[in-house]
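Since the structure comes first, as structure tokens, the remarks are kept for the end.
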Amino acid sequence: MNPAAPSSTPVPIHDIVGPVWFFPWPVWVVVTVSLGVLALVAILVWGVHSVLSRRKPPTARERALGELEGLRSSVSGADPYAFGIQVSDAIRTYIHDQHGLQATTQTSLEFLEGLRGNPIFTDNEKAGLSVFLEKTDLLKYARAEAGESEMIGLLETAGRLVRSEAQPGKNAEAVP
């Protein structure tokens with residue numbers, strides 16, 4: 001060590017400081033805002049759910065008419081056997097759902113016998129239903145041939161039965 005050399009003064013050493021908070025907001029503000037946003041999302045989800053759940057399910061009549069309309073679009077080139085099954089099932093399901101009658105589990109004869117003293121349908125509607133079931137049974141069990149016009153006629157009869165548009169005073173042959 002040379003006494004003539006200037007001694008350098010050491011730079012003072014500072015103590016180690018804890019972590020520096022660099023987030024611009026305090027934690028309590030972040031938590032409060034997060035809970036507020038979560039509450040708003042929950043209220044929004046609840047509101048959308050309540051609006052959607054207010055929709056009424058379709059009635060038996062609306063379901064039947066929708067099914068018949070779907071069949072109308074597939075009449076061209078349809079297999080008469082499959083068509084007979086579908087249109088018969090649509091009407092039988094409608095009668096079961098709308099009136100509580102066992103139309104889906106009975107044969108046509110059993111069902112029509114049960115309707116004899118039942119005031120749910122008018123005589124004209126019963127006659128139209130009888131002709132309709134006879135024609136669909138021919139398609140289903142005898143595998144009768146039917147053209148597009150006959151199938152459209154069955155759909156129109158089914159639509160009148162569902163909408164209860166049978167006209168009183170007409171004979172049974174005029175309904176289908």
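Where a number appears in this text, it was derived from the coordinates with a stated rule and is not lab data. None of the values given here were measured: they were computed from a predicted structure. Here the Cβ is made from the backbone with ideal geometry for all residues, glycine too, and neighbour counts use every protein chain on show.
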Given H placed 1.01 Å from N in the peptide plane, which residues other than close sequence neighbours of Q106 have an amide H under 5 Å from its amide H?
-> none
Mean 1/r over all different Cα pairs, inverted: what Kirkwood radius does region 85-136 give, in Å?
-> 11.0
Could you work out which residue, out of G36, G84, G100, moves most in a Gaussian network model of the chain, that is, has the largest mean-square fluctuation with Cα springs under 10 Å?
-> G36
Chymotrypsin sites (Phe, Trp or Tyr not before Pro), restricted to region 14-91: which are DSSP loop and have at most 10 other Cβ atoms within 10 Å?
-> W21, F22
Contour excess over end-to-end distance, with Cα ends at E110 and I16 and 0.36 nm allotted per residue = 24.1 nm
Taking the Cα centre of the chain as the origin, how large is its charge dipole in debye, to the nearest 20, when only Lys and Arg (+1) and Asp and Glu (-1) carry charge on their Cβ atoms?
-> 560
Of S130, W25, L68, which is farthest on the positive side of the dipole of the chain, counting Cα position, with +1 on Lys and Arg Cβ, -1 on Asp and Glu Cβ, and the Cα centre as origin?
-> W25
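Tell me the relative contact order for the chain as a rounded percent, counting alpha carbon contacts under 8 Å between residues six or more apart.
24
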Result row for the chain, helices from DSSP H with C-alpha axial extent 24 Å or more and mean Kyte hydropathy at least 1.6, is 27-53
Where a ≥ b ≥ c are root eigenvalues of the Cα gyration tensor, a/c under 1.5 meaning rounded, otherwise prolate if a/b exceeds b/c and oblate otherwise, region 60-174 counts as rounded
Among L38, L65, L161, whose mean-square fluctuation peaks in a Gaussian network model of the chain (Cα, cutoff 10 Å)?
-> L38
Where the centre of each part is set by its Cα atoms, how far does region 123-163 sit from region 46-60, in angstrom?
-> 35
Projecting the Cα atoms of A158, V48, H14 onto the charge dipole of the chain, where Lys and Arg contribute +1 and Asp and Glu -1 at Cβ, the residue farthest towards the positive end is H14
